[in-house]
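Here, each number is a calculation from the coordinates, and none is a lab measurement. Everything numeric here is computed off the predicted structure, so don't read it as measured data. Counting neighbours? That spans all protein chains shown, and the Cβs are built from the backbone with ideal geometry, glycine included.
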Amino acid sequence: MALRVCEYCGKAWIGGDEDMAVPLCPGCEEELEGIYKLAWNYLRDAATESGRHRKVSAQELASVLEVDVKAIETLVKLGKIQTEASLGERTPEEKKRNLDKLSRIRKGIKKGLK
Ligand SMILES: [Zn+2]
């Protein structure tokens with residue numbers, strides 16, 4: 001047990017794993033796990049639609065998922081997702097479709113967390 005400072009919310013708490021590369025308090029860990037699932041679903045569906053692996057920037061992923069870009073950056077730091085700042089070819093129609101899909105996925109995940 002040790003005093004840790006959460007990388008995501010900046011609060012200190014006692015506990016956690018000394019070996020954690022990116023310290024996260026239990027609340028943030030849970031929140032980021034939910035966001036990770038959203039990101040994972042999004043990236044998987046995007047890859048299915050385009051038939052190839054799609055890379056997105058942290059900023060774009062954050063705006064598509066409607067989360068703080070810090071959450072995405074923290075997931076990148078954790079090594080859970082990779083992002084790339086190159087995605088200009090998507091049409092507004094595709095974006096809208098993805099957003100609709102995501103809001104459905106997000107509702108499902110929120111229910112699951114409660
Ligand atoms: Zn936290």
task: Treat the count of other C-beta atoms within 10 Å as a stand-in for reagent exposure and order D100, D19, D45 from fewest to most.
output: D19, D100, D45
- prompt: Which stretch or stretches of segment 63-80 have amide N atoms under 11 Å from the point lying 7 Å from M20's Cα along the Cα→Cβ direction?
  reply: none
- line: With label points set 7 Å from each Cα along the Cα-to-Cβ direction at E49 and E33, the distance between them in nm comes to 2.8 nm
statement: Which residues qualify? For V56, with a placed amide H closer than 5 Å and at least 5 residues away or on another chain, they are E84
query: For the peptides 5-14, 20-29, 56-65, what is the packing order when you average, over each peptide's residues, the other Cβ atoms within 10 Å and list the highest mean first?
result: 56-65, 20-29, 5-14
